[in-house]
1. Residue by residue through the stretch 40-45, what is 3J(HN,Hα) from phi via Karplus (6.51 cos²θ - 1.76 cosθ + 1.60, θ = phi - 60°)? Round to whole Hz and write x for glycine and proline.
2. Rounded to the nearest whole Å², what accessible area per residue is found for the stretch 91-135 with the 1.4 Å probe?
3. Could you tell me which of the pairs Lys5/Lys73; Lys43/Lys67; Lys9/Lys100; Lys9/Lys164 are separated by over 28 angstrom between their Cα atoms in the structure shown?
4. Residue-wise, which Karplus ³J(HN,Hα) couplings in Hz belong to the stretch 110-118, taking 6.51 cos²θ - 1.76 cosθ + 1.60, θ = phi - 60°, and x for glycine or proline?
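The values are calculated or read from the model by the stated rules, or taken from the named source; none is laboratory data. Everything numeric in this text was worked out from a predicted model, so none of it was measured. Side chains are part of the model used for accessible areas, which takes the heavy atoms of the whole protein and leaves out ligands, DNA and RNA. Shrake-Rupley method; radii C 1.70, N 1.55, O 1.52, S 1.80 Å.
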Amino acid sequence: DAGEKEELKEHSMRIAESVNASLDLLDNVLFWSRTQLDQLVAKPHVFALDELVERTIRLYQQTAVSKQILITKEGQAAAVYADSDMIFVLVRNLLTNALKFTPSGGSICIRTAIEGDFATVSVEDTGIGMSPEMIRRIFVQKESLTTYGTAREKGTGLGLMLCKDFMERNQGASRV
């Protein structure tokens, strides 16, 4: 009946979200371990940043819908020269953090732009934010710390450390 189908659909969505979160964590740990061994070298090439951002949004659209979060994209940054795999991990981590720490009914806006010789990607959300102490511990001390999202999702800070590292490996800088 319709009720059972809806319940099955909800369970399937939760399982898919759990699998995606596990894969993201594993991917982050693998990238992080490679950076610690200095085995990861940026391989820059020209690619379409806006397409990469839009693809990332599509990957997490179902998670946003299930949390009743609106994701929008603004701006334009067509062709950029960087390592697209690293930039994908960077954008993915910023988006999943925003989803994790934004309450139901909130919104996330990803902006891209070209500023001089650099492309910028910024993620703004209506989430709980980070204290200056948390920012210092993650970005300056490179310290892992456990926090919990609005639906009790676990955050470790590892993804943000990767973002900073990948930005630097592509001759960029992070702004908080």
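1. 9, 10, 5, 10, x, 7
2. Per residue, the stretch 91-135 has 48 Å² of solvent-accessible surface.
3. Long pairs (Cα-Cα over 28 Å): Lys5/Lys73; Lys43/Lys67; Lys9/Lys164.
4. So the J values, rounded to whole Hz, are 9, 10, 10, 7, 10, 10, x, 8, 10.
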